[in-house]
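Worksheet for the structure shown next.
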Amino acid sequence: MALLDWIAPESGLRLEGHGVVLRPPRATDYQEWRDVRAASRGFLQPWEPTWPADDLSRAAFRRRLAAYARDRELGSAYSFFVLRAADEALTGGITLSNVRRGVAQMGSIGYWCGLPYIRQGLTLAAVRAVAEFSFRTLGLHRLEAACIPDNAPSRSLLKKAGFTEEGYAKAYLKINGVWRDHVLFGLVSPLPGSEGPDDGVSV
């Protein structure tokens, strides 16, 4: 079975971590996603790209879903919503993006957590689950992540997830309308022979 068949939405792609469940976003998630993002706007905006004027609209959400599906089909990115396992409340999101094959075999991790759910270990569990998915299922060799230097909670989270601080990039990403420096992190697969997807799996 091809990997792209296995991860199609109808196949029920689902990752599990400590206290969390991860799955691709669905159209029926719109209202809950909007409520969490709206309630967390002041908390999230300093760490994210500038939000478009229609960012929380249903039309914008549909465009997100279409982009997520297209990236998933291409094998270039995998987006998940993070649900609390106890009640499946939508707590945030996490994306494995910029997946590169060939001699690189790597990808980048980015995430957000709604204000009501911070400091509960949910995002840490999600990062660990996506790392496991990246290494064991996708056969990647390395993961990268970056955060603004004064984002102490994110720096701590990445270190707890096993990432190593590797460097400093000037004016790395445009965040909240300003080009910001970032601290760079990396995580190398602990699995032997992590040069590509599992034997017999095609991409």
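Rule-based calculations on the coordinates, nothing more; no lab input. All values derive from a computational prediction rather than experimental measurement. Note that we place each Cβ from the backbone using ideal geometry, even for glycine, and neighbour counts take in every protein chain shown.
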What is the sum of charges around Gly121, taking Lys and Arg as +1, Asp and Glu as -1, for the other residues whose C-beta is under 15 Å from the C-beta of Gly121? +4
Can you find, among Phe133, Leu22, Leu56, the residue sitting farthest towards the positive end of the charge dipole of the range 16-143, where Lys and Arg contribute +1 and Asp and Glu -1 at Cβ? Phe133
Which of Leu140, Leu56 has the fewest other C-beta atoms within 10 Å, and how do the rest follow up to the most? Leu56, Leu140
Mean shadow area of the range 114-156, taken as a quarter of the surface of its Cα convex hull (nm²): 3.6
The set of residues whose placed amide H lies less than 5 Å from the amide H of Asn176, leaving out same-chain residues fewer than 5 positions away, is Glu48, Thr50
Which net charge results when you count Lys and Arg as +1 and Asp and Glu as -1 among the other residues whose beta-carbon is under 12 Å from that of Ala89? -4
If you take every DSSP beta bridge fully contained in the range 3-188, what fraction is antiparallel? Give it as a percent rounded to 5. 90
Local charge sum around Thr164 (other residues, Cβ-Cβ under 14 Å, Lys/Arg +1, Asp/Glu -1)? +1
Percent of beta bridges antiparallel (DSSP, the range 47-146, rounded to nearest 5): 80
Exposure-ranked with fewest Cβ neighbours within 10 Å first, Phe80, Phe61 stand as Phe61, Phe80
Beyond 26 Å, what share of the Cα-Cα pairs of the chain remains, rounded to the nearest whole percent? 32
Cα-centred dipole magnitude for the range 3-188, charges only on beta-carbon of K, R (+1) and D, E (-1), debye, nearest 20: 180
How much length is gained on full extension from Ala38 to Asp54, taking 0.36 nm per residue of separation minus their Cα-Cα distance? 4.6 nm
